[in-house]
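Student: Following this message is one structure expressed as structure tokens.
The values are calculated or read from the model by the stated rules, or taken from the named source; none is laboratory data. In this text the structure is predicted, and so the values were computed from the model without any measurement. Cβ placement follows ideal geometry from the backbone for every residue including glycine, while neighbour counts extend to all protein chains displayed.
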Amino acid sequence: MGLIVQKFGGTSVADLDRIRNVAKRVARTFDQGNDVVVILSAMAGVTDNLIRMANQVTESPDKRELDVLLATGEQTTAALLAMTLRAMNYAAESILGHQAKVVTDCAFGNARILDIGADPIRALVQDRKIVVMAGFQGCDINGNITTLGRGGSDTSAVAIAAAIKADICEIYTDVDGIYTTDPNICPRARKMARISYDEMLEMASLGAKVLQIRSVEFAKKYNVPVHVRSSFSDEEGTMVVNEEASMEKLLVSGVTCDKNQARITLKKVPDQPGVAAKVFSPVSEAGIIIDMIIQNMRSGGQTDLTFTVPETDFKQAMAIAEQVATDIGAEEVLGDQNIAKVSVIGVGMKNHSGVAAKMFATLASENINIRLISTSEIRISCVVTEKYAELAVRVLHSAFGLDKP
Ligand code: ASP
Ligand code: MG
């Protein structure tokens, strides 16, 4: 018997039939003798709709009022599920973010959880109530309603699980787990039984569709076991757990592909102290996140400086780079949006050499040219021409033994 947090995403509560299905699953878990705290998203499409309406009212809706509006999506599903459970003769009670004492900072629309007072939920659980909580919402120290950013109810769930020391946080969604790579790119992708928090964070480009990244950071910090699984079947999904528990003894656990990347090169930059700072300070001031940076020596006291930015920031970053190039006397600025970053990820590579060599050889065997390389302790990334990215994913997936039999 345990204390179980179950979170259901928007597609799992998309209409009353599905809410009834959720109620049955919750009731089953409760009947098995567990205490259950349910965290809900808004019905699929509702948050988008509310945003659309706000934008019809005014071009720049007031942020405080927008959060008051967006929080209603989750308030609706929490009430409906609690009602459904009560109609089935279960003692269920809904609770909103502020009632559950989810205290956040004041960043409307993207607030961070600062503290959760576990007492209100604990008290309900002690009464053997099924607690149905509205995800995605909290309240700042001034009592304003805040929301946690798109996909934020994942973070609500993991944070509540940490606060009440739940045995597990189950995330019910419309996919049946985390895959070794995107099954749309590689039909031989396999569902992973386990993945470590760090791998999950590195696999953001895959995982972000399933879990809000902040929820994984939370899970790691408080060591909350997270089970990502489908609300439409009883099949086991993927456990996201700490490294000791995650070991499948594989060098590489997954392959990712990020096409939302662009490359910018400043050619013939004077090779002097302070130049890199002059290039990157204005870029960071513009709030643009740089991923890879490479500096090449040239003869004659000059270097080439290359970096990558999200494709959505490309235009702005190019404009800044061109301005800086004029200021520091670089020869020219080149940009390329047709690139993609392909990565292999695995905690297993921490203690093994040869993963990079194997990755490069595999790409070479398909004549795929590597434009840039970067690494972390558990990831190796290569930038390649975008049109070869999917081929690169497939050959790496096979080369590292991830293909399903
Ligand atoms: N309803 C919110 C969204 O659509 C939060 C969530 O579903 O996690 O982003
Ligand atoms: Mg989601």
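Student: Out of the residues in region 284-330 that are surrounded by 17 or more Cβ atoms within 10 Å (Cβ to Cβ) and of a type in the set (Ser, Thr, Tyr), state the one that is farthest from Arg371 (Cα to Cα).
Tutor: Here the answer is Thr303.
Student: Just to be sure before I move on: is Lys267 more than 21 Å from the chain's Cα centre (by Cα) and at positive phi in the structure I sent?
Tutor: When the stated conditions are applied, Lys267 does not pass them.
Student: Go over the candidates Asn49, Asn110 one by one and state the one that is within 26 Å of the chain's Cα centre (by Cα), farther than 27 Å from Arg18 by Cα and within 13 Å of ligand 1 (Cβ to nearest atom).
Tutor: So the residue among Asn49, Asn110 that is within 26 Å of the chain's Cα centre (by Cα), farther than 27 Å from Arg18 by Cα and within 13 Å of ligand 1 (Cβ to nearest atom) is Asn110.
Student: Only residues that are within 16 Å of ligand 1 (Cβ to nearest atom) and either surrounded by 16 or more Cβ atoms within 10 Å (Cβ to Cβ) or over 22 Å from Gly149 (Cα atoms) (or both): list them for region 205-228, please.
Tutor: Those that are within 16 Å of ligand 1 (Cβ to nearest atom) and either surrounded by 16 or more Cβ atoms within 10 Å (Cβ to Cβ) or over 22 Å from Gly149 (Cα atoms) (or both): Gly207, Val210, Leu211, Gln212, Ile213, Arg214, Ser215, Val216, Phe218, Ala219, Val226, Val228.
Student: Say we look at region 363-372 and pick out the residues that are touching a residue at least 12 places away in the same chain (Cβ under 8 Å) and hydrophobic (A, V, I, L, M, F, W, C); which of these is farthest from Ser398 (Cα to Cα)?
Tutor: Leu372
Student: Which pairs turn up if I take residues in region 146-159 that are closer than 15 Å to Ile4 by Cα and part of a helix (DSSP H, G or I) and look for partners that are among the aliphatic types (A, V, I, L, M) and near ligand 1 (Cβ under 6 Å from one of its atoms) with beta carbon separation below 7 Å, at least 6 apart in sequence or on another chain?
Tutor: Taking only residues 6 or more apart or on different chains, not a single pair turns up.
Student: To continue, here is another question. Anything in region 132-144 that is on the phi < 0 side of the Ramachandran plot and either assigned to a loop (DSSP other than H, G, I, E, B) or within 14 Å of ligand 1 (Cβ to nearest atom) (or both)? List them, or say none.
Tutor: Result: Met133, Ala134, Gly135, Gln137, Gly138, Asp140, Ile141, Asn142, Asn144.
Student: Checking Phe218 against (1) under 30 Å from Ala392 (Cα atoms); (2) assigned to a helix (DSSP H, G or I): exactly one of these is not met. Which one?
Tutor: If we test Phe218 against (1) under 30 Å from Ala392 (Cα atoms); (2) assigned to a helix (DSSP H, G or I), just (1) comes out false.
Student: Check whether at least one residue in region 174-194 is touching a strand residue (DSSP E or B) at 6+ places or on another chain (Cβ under 8 Å), touching a residue at least 40 places away in the same chain (Cβ under 8 Å), within 16 Å of ligand 1 (Cβ to nearest atom) and not aromatic (Phe, Trp, Tyr), and report yes or no.
Tutor: yes
Student: When only residues in region 239-270 that are closer than 22 Å to Lys221 by Cα and of a type in the set (Ser, Thr, Tyr) count, which is surrounded by the most Cβ atoms within 10 Å (Cβ to Cβ)?
Tutor: Ser253
Student: Can you spot a residue in region 178-190 that is more than 13 Å from the chain's Cα centre (by Cα), within 15 Å of ligand 2 (Cβ to nearest atom) and at pLDDT below 95?
Tutor: There is no residue in region 178-190 that is more than 13 Å from the chain's Cα centre (by Cα), within 15 Å of ligand 2 (Cβ to nearest atom) and at pLDDT below 95.
Student: Here are some conditions: (1) buried (at least 21 other Cβ atoms within 10 Å of the Cβ); (2) more than 19 Å from Phe218 (Cβ to Cβ); (3) more than 16 Å from ligand 2 (Cβ to nearest atom). Glu65 meets all but one. Which one does it not meet?
Tutor: (1)
Student: Also, quick follow-up: Testing Leu201 on (1) in a helix (DSSP H, G or I); (2) under 17 Å from Phe400 (Cβ atoms); (3) free of Cβ contacts under 8 Å to residues at least 24 places away in the same chain, one condition comes back false. Which one is that?
Tutor: (2)
Student: Determine whether region 205-212 contains at least one residue that is at positive phi and either in contact (Cβ under 8 Å) with a residue 40 or more places away in the chain or part of a loop (DSSP other than H, G, I, E, B) (or both).
Tutor: Within region 205-212 (the criterion being at positive phi and either in contact (Cβ under 8 Å) with a residue 40 or more places away in the chain or part of a loop (DSSP other than H, G, I, E, B) (or both)), the answer is no, since none of the residues qualifies.
Student: So Ile380 fits all but one of (1) part of a strand (DSSP E or B); (2) of a type outside the set (Phe, Trp, Tyr); (3) crowded, with 18+ Cβ neighbours inside 10 Å; (4) touching a residue at least 60 places away in the same chain (Cβ under 8 Å); what number is the exception?
Tutor: (4)
Student: From (1) buried (at least 17 other Cβ atoms within 10 Å of the Cβ); (2) of a type outside the set (Asp, Glu); (3) not in a strand (DSSP E or B), pick out the condition that doesn't hold for Val333.
Tutor: That leaves (3) as the condition not met.
Student: Sort out for me the strands (runs of 3 or more DSSP E) sitting completely within region 242-315 that have 2 or more residues that are touching a residue at least 60 places away in the same chain (Cβ under 8 Å).
Tutor: 254-270, 302-310
Student: Give me the pairs, please: first residue somewhere in region 114-128 and at positive phi and in a loop (DSSP other than H, G, I, E, B), second residue anywhere and among the hydrophobic types (A, V, I, L, M, F, W, C) and surrounded by 12 or more Cβ atoms within 10 Å (Cβ to Cβ), beta-carbon distance under 8 Å, and either six or more positions apart or on two chains.
Tutor: Arg128/Ala91
Student: Is region 15-28 home to any residue that is within 16 Å of ligand 2 (Cβ to nearest atom), touching a residue at least 40 places away in the same chain (Cβ under 8 Å) and not basic (Lys, Arg)?
Tutor: Yes, region 15-28 contains at least one residue that is within 16 Å of ligand 2 (Cβ to nearest atom), touching a residue at least 40 places away in the same chain (Cβ under 8 Å) and not basic (Lys, Arg).
Student: Here's something else I'd like to know. Looking at Lys101, Lys24, Lys7 in this structure, which one is surrounded by fewer than 18 Cβ atoms within 10 Å (Cβ to Cβ) and within 25 Å of the chain's Cα centre (by Cα)?
Tutor: The unique qualifying residue is Lys101.
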